[in-house]
């Protein structure tokens, strides 16, 4: 068991939330019980996750996508009311870590994706928190092999636009919603770009720029970090952490 205060302090420090500007409040979003022995981890907060926490008698939920976002509807009604009501009725703490989990040097989504694919991370300047990371394959892989690796590591069926090289030596990764960063990636001289989503114009830009674009799902590209965070918590504290996998094709 761990106190809410101790867990909150460790998480905030480990994930360095004070060093990152975000458009969602990171840390404890809803205060619940003081003592925590069971935790539910998930990519995004939703009713299914909260119901799983109630069933498991969990004292806390930790997610990557929480309840409060800038420019969100400010009233608590409809589906928001259902979520709040269940959390408060069962005294469940809700923690959220968004960009701090994307950027983390050890358990960030991008870092873990590159590790899983067998790519060596290209060093970034000391102290820099880049929105994405570049990986290098010591032995170049074919584009087909890369796509198969992505599906295996992320447990997904990625879609792609194959307009670049057939042999891949360098890969740039932005987990989640990286569709708007394509213009930046085009100038980076990398062989492929892996992210979570795409937009209607992505196909045309990828073809005209001659780049390989792989999109594996916002949800699926952001599972690894929150799963690993749960493992780190279990290792540090005498608590149980269960990952609830609410599948999402987007």
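The values are calculated or read from the model by the stated rules, or taken from the named source; none is laboratory data. Keep in mind that this is a model prediction, so the values were computed, not measured. We place every Cβ from the backbone using ideal geometry, glycine too, and count neighbours over all the protein chains shown.
Restricting attention to the stretch 210-242 and to residues that are in contact with a helix residue (DSSP H, G or I) (Cβ under 8 Å, 6 or more places away or on another chain) and surrounded by fewer than 17 Cβ atoms within 10 Å (Cβ to Cβ), the residue that is farthest from residue 53 (Cα to Cα) turns out to be 236.
Residues are listed down the side, and each one gets a yes or a no for (1) under 27 Å from residue 190 (Cβ atoms); (2) modelled with pLDDT under 95:
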{"residue": "46", "(1), (2)": "no, no"}
{"residue": "70", "(1), (2)": "no, yes"}
{"residue": "74", "(1), (2)": "no, yes"}
{"residue": "97", "(1), (2)": "no, no"}
{"residue": "132", "(1), (2)": "yes, yes"}
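What residue, of 108, 135, is touching a residue at least 12 places away in the same chain (Cβ under 8 Å), surrounded by 15 or more Cβ atoms within 10 Å (Cβ to Cβ), within 18 Å of residue 232 (Cα to Cα) and within 19 Å of the chain's Cα centre (by Cα)?
Being touching a residue at least 12 places away in the same chain (Cβ under 8 Å), surrounded by 15 or more Cβ atoms within 10 Å (Cβ to Cβ), within 18 Å of residue 232 (Cα to Cα) and within 19 Å of the chain's Cα centre (by Cα) holds for just one of 108, 135, which is 108.
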